[in-house]
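Shown next, in structure tokens, is the structure this report addresses.
The values are calculated or read from the model by the stated rules, or taken from the named source; none is laboratory data. Here the structure is a predicted model, which is why all the values come from computation and not from measurement. Positions of Cβ are generated from backbone atoms using ideal geometry, with glycine treated the same way; all protein chains shown enter the neighbour counts.
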Amino acid sequence: MTQLSPEEKREIVREELNKLVKARYLSLNIAAKVVNSHTKYYSNLPKGNQIEQDTKIPKQEAPKPQMNSIRQTKEAPKPQMNSITQTKEELQKEVKQTVPSQPVIKSKKELTAKQVRERNITWGLNLGVILLLLGGLVLATSTWEMLGNWTKTGLIAAVSVLFYTLAWLTSRVLHIKKTGFAFIVLGSLFLPIIVVSAGYFELFGSYLSFSGEGKYLFGAIGTLVILPIYAFLAIKLASRLFVWFSYVTLSVLVGLVIAALHLPIDGFYFSIMLYNALLILGYRTFKNHHKLTLFLKEFIPFIQANLILSTLLMLVFYDSEVMYSFNLLLTAVIYFAMIFVSNHRSYHFVFTAMLIYGAYQLVENSILEGVGEIAYALLGVIFLALPKLIKDSGSLHKIFRITSAVVSAMAFLYISLEGILLRAGVGSIILMIAYIIIALNFTYLASTVKNKLFTYLSPIFLVSAIYELALLGKLWFNYDSITFPFYLFVFLFYLVGGCFVNIALWKPIKESSRDISGLMLIITLFIALLDSTKFIQSLMFFILGLTAIVMNHYENRVAMKKIAPWLHPVSIALFIITIHAHFMKPTNAMFIEEPIQVVGVIFGSLFVLTASYIWKKSSWINFSSSSFYTAQIFYGLGIIFSLSFGLESITRAFIYLGGIGMAYLLYRKTNWAAIPYIMSSISVIFYFSVLVVLHTELTQIPTLFEWFEFVIGAIALLGLGLTIRNQEQRLMKAYYWVGQIYLPISLFISLFLLGTDSLWAFLLTTVIYGITVKMVRTEWQIKTYLYAGFTTAWISLVLLFSKLEWWEGIPYTYLIISVLLLVSWFICNEVWKKRIVYYFLPFSSVGIASFYISYPYEIDLFMITLLYGSLVLLVLHRMKWDVISIIPLLFMYAAVMKFAENDYLVDYELVVHAGFGIILVVVGRILYSHLYEHKKNNTRLDWYTLMAFITFLNSYQYSFGNEMLVYKILPGILIVILLFMNRNRITDIPSKWMVFAASVFLLQPYYVLLGHVELPDLFVREFYVLPWIIVVIVLRCYVMKDKKTITNYIQWAVLVIVAILLVQDGLQSNTIYDALIIGVLSLVSLIAGMIYQTKSFFFIGAGVLLFNVFMQTRPYWGKLPWWGYLLIAGSILIAIASYNEWQKQKSSEGKETLVSRFRKNVIERIKKWD
């Protein structure tokens, strides 16, 4: 075949990729990357290979272009890179010309047949290996203590040999290279484990053991054995992984050899550095040696990692923290130099980690431990100073600034945590200096790096220094708490650092200083609420109010400008509250523990309200407005607190009266629609407070007033609303609606406090509701007040019966009201009929329930209940609301059940239920021609028939515990008759379904009869479960013969369940006769499946037959150890994977295998069955 030159191959690749891009199989970027990679491959190909490929081109090819190609490859790499760029541009031009701009559709990657085969074989091999290992592991662990040391190590070596064998099998026989390489890696990883196990079990004596004196020599010998193997695999497989294995093994070998010489730590350090120098010298010597190219390519990254490995070896073999710290610092210097030598900025991270860890080791293990906080704080300064000491550091300035910030933050966290744990609550000058250094560091960073975080970190550290200063002041001046001094210091920092200082270096952190100090003022104030006196708290609130004024003057941010006017009145109000609590001690001993003094809250509100008018006169409109609303909020809180905390009744009444005035002021200022409702609600509370004053101040109150005292409040609200309706519509509506809402509440209060004497309040309320019905015009209001009047009238009647002590007649109150409503319904027009019936139906339903719960439930109550229910059903039929007739029917059926529980009807309960159900069936057949009818404006539903069905179902309760056959069989027969009678009454369901349902329900009487007939024990389970097979056959062949897919699923389910039940019965009895019965039935199922070509019967019959054979032979299988099954399963999986590969090779040769013949002759035919 004619060989192509690299240029021709490149052209073909470009053309094919262009086609794929046009057809939307590849994106343009991916195609360009492929072209670039293809070009780089030929440009990086060694000269000898390139000439060798070119010499293979036949002689008829012109030699001149070949030499030109070689010369271009050797001498002109730059034009090749240009051609790569041109390739992408050409591809873009061609695609833009031929393909419209549409989104690229990424096609899903599909595996080839070979890849699928390799994947399946690989999974089979992996699973087989796992099962083999599990079996071997169980075998080994179950007998591990009985094995010798050589045997244990031999088993570990056998695992390694197993992996190497599998690698040979998969790579040489099955030709799956990746899986073979994975097995080689696994086998190689077990080699160090073999060496460790040999030392652990002391196979070569106690001297050359894991814990003996010659442990380093033993380790060196072991690594010396492993090193050639790793080097051989690295060369043979050309694997970078094994190159690294070889390098690491070599370094460990050298470290162990040096450790075996028992040199001091200096000698070890010198030797390991000498080893690194020899490695570098060897690299320089053999740099151009082609046979070592694979190892030389990985040398540069390895020698860098080897520095860390050498440090770890020294840490493992020796224990000297100071030397260790110097080694870390020296390593950090090496990495710092490598940043400039290799121009790799990523070494900065290793340098930083080494420097920080080395500094930590040096400080913690030397004389610097006493000033460790200052040393850690200076670390951030060191990172800032490093770029200044180096010329042309370029972008390292930014990197070291960020590093300085991170290191300073870590230092702050460390020294703060150490201070909390070691010096909690005790000031430290060293810690304060450290905080100041860190703060100044971040101040400089904030001025040079535009980072918002740095501007906030500096004030945080300064506040920390202020905290240490406050702790030191406690030592110097001996004050009790640092809360207020710290608060003053932070306030001064807010003024000086956040407002007054205008130094250029300080300007970036002025805003953040105000934010942090302001936040600390708030936090400190919350802490003071827990541990300071009221006087100190008041001073702190006053200072916070002054801070708000300063904030309003110096702040330019909109958000802070909005916060200041609100912070000031809140602080002043809290100042008045706390100063009042300090000076005004309660005189009553029972109020000493009062948490909040309500009068102080009211005074604070009034003081802020006065301040709002002062601010208004001073033209500070924003402070005036916020003060007004703050006064409103605090007065509202005062009202709320007055509801719970102890106050004199007259004081509370005046507070509520003032609340009405405050609400009116708020309404006049804002004109909010909700304020009138708040006014009217406060008026209700004020009325209650007046009642409290009357009851506490007066010795005797007229009885007539007591009957109506709560309702009078509602009448007053309604009257006030009607009085001002011409002046203030909003106030009128608010007082009117609050009065209407309060009216039922007043009735409940009267009922709770007065009992039956509240009868007069309910009668008066009934009259009020009647008048209101005449006054309103909206439909929902008419219904609401009408139904409320009906309800209060009924409650009045109940209270009257209670006052007369006729407790047994209370259920009759429902009947009286229902009769009155029914009479009104008959004589009124259609509009009022609908209004009345909406109340009549639920009210009468409750009335029926009241008769039902009466005791004793004799025949008179039973007849009244049925009559009551019949009246409701009459109204429903007249209104054509048949859909909800279920409600009275349920109550009537409940009455039947309760009546049948009487002692003289115990033996006839089933007869009563059956009779009631039959009556319902007859009534339903008379009133309705169909079970369900839907017309344009009406829906009719025969609840009588459905209720009869429920009645017959509920009759089964009498069959429990009763041995009479009629009690168990009669409900089922009645249900079957009912289903059969209604087979043509359901329009949406075919009659065959109803007949089928009736037939299925016949199984219940059938099972009852089986329970009363003695059957042979061998055939009991068969008589119970086999009828279901007949049912599913009828369903499939008669009822659902046009839906074979669904019936097939059902048939599968039924056959599986029947088979499980029969097998379970056979296993439970465990006789040869049961085995014969199951075998015959499964054989019949299998033959029937073959004759009628039905998969379910065939496969279930075959499965049960095989299971039966297996269960009869299970004693033979139980003698095999369970780990043997694992070994067998693993071997089978490996054999199957090998057979699949063999079958694939046979298929590729065109030969037909046994599996393909079986699939063609048997499986393909069975797929055509039902």
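Annotation note: Cβ proximity below 9 Å between a residue of the stretch 627-656 that is farther than 13 Å from Phe603 by Cα and a residue that is small (Gly, Ala, Ser) and not in a helix (DSSP H, G or I) (sequence gap 6+ or interchain) occurs for no pair. The helices (runs of 4 or more DSSP H) located wholly in the stretch 757-830 that include 3 or more residues which are over 30 Å from Tyr857 (Cβ atoms) and in contact (Cβ under 8 Å) with a residue 40 or more places away in the chain occupy 759-775, 779-803.
Of the set (1) outside any loop (DSSP other than H, G, I, E, B); (2) free of Cβ contacts under 8 Å to residues at least 24 places away in the same chain; (3) exposed (fewer than 15 other Cβ atoms within 10 Å of the Cβ), all apply to Leu873 but (3).
Pairing each residue of the stretch 1083-1095 that is under 16 Å from Thr1045 (Cα atoms) with any residue that is hydrophobic (A, V, I, L, M, F, W, C), provided the two are 6+ apart or on different chains, yields C-beta distances under 8 Å for Gln1093/Trp1169; Thr1094/Ala1088; Thr1094/Trp1169; Lys1095/Ile1166; Lys1095/Trp1169.
A quick yes/no check of all residues on (1) surrounded by 14 or more Cβ atoms within 10 Å (Cβ to Cβ); (2) modelled with pLDDT of 70 or more; (3) under 60 Å from the mean Cα position of the chain (by Cα):
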{"site": "Leu17", "(1), (2), (3)": "yes, yes, yes"}
{"site": "Tyr25", "(1), (2), (3)": "yes, yes, yes"}
{"site": "Leu28", "(1), (2), (3)": "yes, yes, yes"}
{"site": "Tyr41", "(1), (2), (3)": "no, yes, yes"}
{"site": "Gly48", "(1), (2), (3)": "no, no, no"}
{"site": "Gln53", "(1), (2), (3)": "yes, no, no"}
{"site": "Ile57", "(1), (2), (3)": "yes, no, no"}
{"site": "Ser69", "(1), (2), (3)": "yes, no, no"}
{"site": "Thr73", "(1), (2), (3)": "yes, no, yes"}
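Counting the residues of the stretch 493-513 that are farther than 20 Å from Leu544 by Cβ, surrounded by fewer than 18 Cβ atoms within 10 Å (Cβ to Cβ) and among the hydrophobic types (A, V, I, L, M, F, W, C) gives 5. The numbered conditions (1) part of a helix (DSSP H, G or I); (2) out of contact with any Ser or Thr (no Cβ under 7 Å at 6 or more places or on another chain) are all true for Phe491 except (2). Among the residues of the stretch 1097-1117, just one is modelled with pLDDT of 70 or more and among the polar types (S, T, N, Q), namely Asn1108. Taking the stretch 668-679 as the range and being over 16 Å from Gly658 (Cβ atoms) and assigned to a helix (DSSP H, G or I) as the test, the residues that pass are Lys669, Thr670, Pro676, Tyr677.
Residues that are of a type outside the set (Ser, Thr, Tyr), buried (at least 18 other Cβ atoms within 10 Å of the Cβ) and either modelled with pLDDT under 75 or farther than 20 Å from Gln1064 by Cα (or both) within the stretch 1082-1096 comprise just one, Gly1089.
Results for (1) surrounded by 13 or more Cβ atoms within 10 Å (Cβ to Cβ); (2) assigned by TED's automatic domain parsing to the domain that holds Ala1102, shown as yes or no for each residue.
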| position | (1), (2) |
| --- | --- |
| Ile973 | yes, no |
| Val995 | yes, no |
| Tyr1024 | yes, yes |
| Ile1030 | no, yes |
| Asp1065 | yes, yes |
| Ile1072 | no, yes |
| Ile1077 | yes, yes |
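Selection of the stretch 180-202 for residues being surrounded by fewer than 17 Cβ atoms within 10 Å (Cβ to Cβ) and at pLDDT 80 or above yields only Pro192.
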